[in-house]
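The values are calculated or read from the model by the stated rules, or taken from the named source; none is laboratory data. Every value quoted in this text rests on a predicted model; they were computed, and no experiment measured them. For neighbour counting, all protein chains shown are included, and Cβ atoms are generated from backbone atoms with ideal geometry for every residue, glycine included. The area values use the complete protein model at the heavy-atom level, side chains included, leaving out ligands, DNA and RNA. Shrake-Rupley method; radii C 1.70, N 1.55, O 1.52, S 1.80 Å.
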Number of protein chains: 2
Amino acid sequence: MSLNEQLQEQKETLLSALAQQRENLDEVLPELRAVDLSEIFQELIEEDDDLPSVLELFECLPLERRANVLGYLLGDFQLQVVQAIPDGSLLSVLEEMGSDERVDLFNLLDEDRKEGLLRRMARQEREDLKRMASYEEGTAGAIMTSDYVAIPSGMTVSQAMMRVRQTAPDAETVYQLYVIDSQGKLAGTLSLRQLMVARPGAKVDDIMINDVISVIVDEVQEHVARLVARYDMLAVPVIDHDARLVGIVTHDDAMDVVEEEATEDFHKGMSIGQLEDGVSRVPLWSLYRKRVTWLVLLVFANLFSGAGIAYFEDTIAAQVVLVFFLPLLIGSGGNAGAQAATLMVRGMATGDVGVKDWGKLLGRELMVAGALGLTMALAVAPIGVMRGGEAVAMVVATSMVTIVLFGSLLGMCLPFILNRVGWDPATASAPLVTTLIDASGVLIYFSIATAVLAGF
Amino acid sequence: MSLNEQLQEQKETLLSALAQQRENLDEVLPELRAVDLSEIFQELIEEDDDLPSVLELFECLPLERRANVLGYLLGDFQLQVVQAIPDGSLLSVLEEMGSDERVDLFNLLDEDRKEGLLRRMARQEREDLKRMASYEEGTAGAIMTSDYVAIPSGMTVSQAMMRVRQTAPDAETVYQLYVIDSQGKLAGTLSLRQLMVARPGAKVDDIMINDVISVIVDEVQEHVARLVARYDMLAVPVIDHDARLVGIVTHDDAMDVVEEEATEDFHKGMSIGQLEDGVSRVPLWSLYRKRVTWLVLLVFANLFSGAGIAYFEDTIAAQVVLVFFLPLLIGSGGNAGAQAATLMVRGMATGDVGVKDWGKLLGRELMVAGALGLTMALAVAPIGVMRGGEAVAMVVATSMVTIVLFGSLLGMCLPFILNRVGWDPATASAPLVTTLIDASGVLIYFSIATAVLAGF
C-alpha cells in the first residue's frame, strides 16, 4: 500500500505547514494532485474529525483546483464542505466545475439552497443545470458532461480549429469533435488528429465520419461504458430522442462505471445489496440492511433441506453414518453449481455469453460437470468404504456424481432463466445457488441411500 | 442482445455478398467496424467452420483494416488466419499494426516463422519487436505501445506541433506528448491541448509538466490500470530502470485490464482458476482442470464437517431432530461469512480497503454480524420451538448467533491474513470460506447442543 503511505506523508506535511502559519503551504499545495488532495481531505474529516483544517486548506487553493478537489470528494464529504461555504463563493466554484460533477453536487443540496443558487445564476447556466439534473441516475444522461466541442456543420477546417482553441479551456475533451446541423442534430464526428492533418480550407462535413456511434440519453450506463470499451473511444456522444446532441460520456467516466458495475456484481454474487459507498465508509445500519434481506430469505429456503432430512429420518436413524457424508455431498454440489453460475453471470456481464449460446453451453457444462462429478466420486469413494462399507461407498459415489451434475446444470441455467424473466442474472448468487442445491442434494442423497440400502 | 443480433445480420450480409461474386462487398465491408468484423470472423471460423470465407474477406480489406481486424482477433483465431498468409503479406500487415498488438501476435508464432519474419525486417523494427517481446506477461511492458509522440527537450511549441503532425498517422495517441532529454530520459509531459493554446515561440520545457506520473516497465498491469483510472489519464508513460521512456499504456488498454482483472477475481472468488479465454470458447479440458483442483481439495476439507458429526454421533442419535437444523445453521454462517469475505476482497482490489483499515473494519463487522446473527436467530427460533420444543429452540438460536458471528469474522479476516502471507486475498473464495465455516459450525452447534440438552 505505498499509495496509502504516500498520502499519509502528504497529509502530515500539509498539517505541519498549516500549523506553522501556512509557511510552506505555497510550496506543498501545488504539488498535490486534486484526487490525492480530496482523499486527504476525506481522511481529515472522517478519521481526524478535523473539518476546520480542511476548510482552511480549501480556502488556500486557487479556484480551479477548488472545483477539481470538490468534484473528487464523495457525496457525504462534499456536503460537509459545501455547507461551510457561503453561496457567493460556492457559485464561483460551481461555475468552474465540469458540468457532470456540478450536477452531482447540486443534487445533494437541499431545496432551499438549490433555489437560492439557481436564482443567482445566469439564465443559460441555470437551464443547463436544471436539464442535467433531470436525468435519472444510472443513465447516460446522469454521467455525461455538456462541456463538449460542437462544430456547426458547414465550417471549414481552419474555422473549426479556431473554435477548438476557443473552447479548449472549458471543454472536457477537445480531442473528439462533434458536428451538429442547424437543428442541433448530431451530423458527424471527427478527431482533432483528423482536423490537424486536413487542408485548412476543407469543409468539416467532407472529412467527418458520418456513421457515428452514439447513445440515447436514457440508455443504461453499463451499456454506455461497454460501447466506449468495445470501440476504444475517447468519448461517446449522447443524443436525445430527436437525435439532438446533448452531451458526451468520456473514457474516464466510462471506466468508473465499469469498476462500479463490477463491484456491484461482486456484491450481488454474494447476495449483498447495492452499497452507496465503499465498505469502510458506508453506515453500519445500511450495511446491515443490504446484507440481512437475503440472509433471512435463505434461512427459510434452507428449511427445505431440513424438511428433506426430516422426511428421511428413518433412513438416517438406521444408518447414522450417512450424516457423515451429508455436508461433503451437498457442499460439493453447491461449490460446483456456484462455479457454473459465476461463469455464466460474468460471461453475460462482459458480453462474452449471449442468450443464444445457451444450448451450446449446456452441452459443454454437461460434459465438464460429468467429469468433475466422477473425479470427486473417486476421491470420496475410499472414505465411503472405510466409514461404512461398500454399500455406503456406492451410495456416496453415485450421489456425488448426481448432485454435482444436477448442481452444475442448475447453476448454469439459473442466470439464463433469471435473464429471461427480466431479472438481473447476477441474482443467481452463490448463496442462492448453494441453498437450492443443498435442498436438492439432501433429497438426491437420501433417496439413493434409501433405494440402495433397502436392497441390502 | 441487440448487439449480437446486429452482428448476425452483418454476417449474413457479408456471406451473401461473397456468394454473389463479391458484388456488394465494396459497399458492405467499409461500413463494418474492425472489432465487429473480427467477431464475425471468429464466428465464421468457430461456428460455421468457414475459414476460407474469412480469408477471402480478409484479402478484400485494405492493409490498415487488415491490421486492425487481425489485432482484435483472439489468439487462437489470429493463429489460424496468420498460418494461411504468406510471409510477405504478413510482414506488411505486421508493419501496419500497433506495436502492442504486433508483439502479441508475434509471440504466438512458432520459432521458425519468427526467425523468418525477423530476418526480413528492417533493423530498427526488428530491435523494437525483440525488445517488446521480451517483457513478461502481466507487466506494464507487455501492454504498452512504443508508438508514442516523443518531443526532444529544447524544441519550441511550433516545432513540437510540426512533430505531432508528422507522427500523427502512426502514433497510438497524439494527445499526450512526452518530452525526453538527450539521454532518452522522460523529462516532462504536455497535452496537445496545452500545446495548441501556447505561444508558438515558447519552449516546450517551459510549459510542460515536470512532475510526471509514470510506471516502471516491470510494474504489474493492475497497478498501471489503477493509476490510469485514478488520475483520469489518457495514457501513462512507461520508463525503464534508468528512467528512459520506453512506451505508453493508453486508456483503452487500461480499461481492458480492469475488466480482465475483475473477471479473474470473479472466477477466483468461486475457486475457478484463470481461464485463458471466454467461458464459451475455452477448451473443455482446460475448463475441467481450472475447476477441479479446488473442488477436490474442498471435498477433503469437508471431511472435517463429517468428522465433527461423527464425533457427536451420540448427541445426534439421541436427538435426531437436531439434524433438521444443521444445513440451515451452517448454511447461514457460510452465507454471512462469504458476504464479509467478498466485501473485503473487492474493497482491497479497488483500493478502497487497505491493510491499515483492519482494526476499524473488524469493529464494524463485529457489530453488523452481531445484528445479523440476532435477526436470523429470531427468524429461526419459532421453528425450533415447533420442531423440538423450547430447549431445541434455545440451542438453535444460540448456535445461530455464534455461528454467524464466527463465520463473519472469519470471512472478514481471511483476506487480510492471506494478503499478509503474500497470497492473493481473492483466494478467500466463497467455497473456501463456506467450507471452513461448515466445519466450525458443526462443532459449535453440537457442542452447544450437548451442553444444553445434557441439562434437560
Checked the stretch B:195-212 for anything over 15 Å from B:A235 (Cβ atoms) and within 13 Å of chain A (Cβ to nearest Cβ); matches are B:L195, B:M196, B:V197, B:A198, B:R199, B:P200, B:N210, B:D211
If you go through A:G354, A:G334, the only one that is within 28 Å of B:D256 (Cα to Cα) and of a type in the set (G, A, S) is A:G354
Inside the stretch B:13-32, the number of residues satisfying the requirement of being within 11 Å of chain A (Cβ to nearest Cβ) and surrounded by fewer than 18 Cβ atoms within 10 Å (Cβ to Cβ) is 2
Of (1) open to solvent by less than 30 Å² (accessible area, probe 1.4 Å); (2) under 24 Å from B:A34 (Cβ atoms), A:R230 fails just (1)
Taking the stretch A:370-393 and keeping only residues that are more than 9 Å from chain B (Cβ to nearest Cβ) and either buried (at least 20 other Cβ atoms within 10 Å of the Cβ) or among the small types (G, A, S) (or both), one is left with A:G370, A:G373, A:A377, A:A381, A:G384, A:G388, A:G389, A:A391, A:V392, A:A393
Touching a Leu at 6+ places or on another chain (Cβ under 8 Å) and open to solvent by 50 Å² or more (accessible area, probe 1.4 Å) - does that describe any residue in the stretch B:132-145? no
Residues in the stretch A:241-253 that are in contact (Cβ under 8 Å) with a residue 24 or more places away in the chain and either at the interface with chain B (Cβ under 7 Å from one of its Cβ atoms) or out of contact with any Leu (no Cβ under 8 Å at 6 or more places or on another chain) (or both) total 7
The condition from (1) touching a helix residue (DSSP H, G or I) at 6+ places or on another chain (Cβ under 7 Å); (2) closer than 24 Å to A:K185 by Cα that A:S134 misses is numbered (1)
Filtering the stretch A:282-306 for residues that are open to solvent by 40 Å² or more (accessible area, probe 1.4 Å), out of contact with any Lys or Arg (no Cβ under 8 Å at 6 or more places or on another chain) and facing chain B (nearest Cβ under 8 Å) leaves a count of 2
Qualifying residue in the stretch A:313-320 (condition: acidic (D, E), out of contact with any helix residue (DSSP H, G or I) (no Cβ under 6 Å at 6 or more places or on another chain) and either surrounded by 20 or more Cβ atoms within 10 Å (Cβ to Cβ) or in a helix (DSSP H, G or I) (or both)): yes
Residue hits (the stretch B:347-369; of a type outside the set (S, T, Y), closer than 22 Å to A:Q6 by Cα and either open to solvent by less than 30 Å² (accessible area, probe 1.4 Å) or part of a helix (DSSP H, G or I) (or both)) are B:G347, B:M348, B:A349, B:V353, B:G354, B:V355, B:K356, B:D357, B:W358, B:G359, B:K360, B:L361
Of the conditions (1) open to solvent by 40 Å² or more (accessible area, probe 1.4 Å); (2) among the hydrophobic types (A, V, I, L, M, F, W, C); (3) closer than 30 Å to B:I248 by Cβ, the single one that B:I85 does not satisfy is (1)
When (1) crowded, with 18+ Cβ neighbours inside 10 Å; (2) in contact with a His (Cβ under 8 Å, 6 or more places away or on another chain); (3) without any contact (Cβ under 8 Å) to a residue 40 or more places away in the chain are applied to B:Q274, the one that fails is (1)
Across the stretch B:254-276, the tally of residues that are within 14 Å of B:G141 (Cβ to Cβ) and facing chain A (nearest Cβ under 10 Å) stands at 0
Of the candidates B:L405, B:L362, B:L418, the one satisfying the condition of being out of contact with any Cys (no Cβ under 8 Å at 6 or more places or on another chain) and modelled with pLDDT under 95 is B:L418
Of the residues in the stretch B:308-328 that are at the interface with chain A (Cβ under 9 Å from one of its Cβ atoms) and β-branched (V, I, T), the one that is nearest to the chain's Cα centre (by Cα) is B:I309
*Considering every residue within the stretch A:404-426, establish whether at least one is of a type in the set (S, T, N, Q) and more than 14 Å from chain B (Cβ to nearest Cβ).*
no
Residue pairs within 9 Å by beta carbon, gap of at least six or interchain, first lying in the stretch A:277-290 and farther than 18 Å from A:Y72 by Cα, second open to solvent by 60 Å² or more (accessible area, probe 1.4 Å) and of a type in the set (A, V, I, L, M, F, W, C), listed first then second, are A:L284/B:M367; A:Y288/B:M367
Here the residues within the stretch A:174-221 that are touching a Gly at 6+ places or on another chain (Cβ under 7 Å) and open to solvent by less than 50 Å² (accessible area, probe 1.4 Å) are A:V179, A:D205, A:M208, A:V212, A:V217, A:Q221
Selection over the stretch A:384-430 where residues are without any contact (Cβ under 8 Å) to a residue 24 or more places away in the chain and assigned to a helix (DSSP H, G or I) yields a count of 8
Note: among A:I209, A:I151, A:I213, just one is over 22 Å from B:E31 (Cβ atoms) and either at pLDDT below 95 or β-branched (V, I, T) (or both), namely A:I151
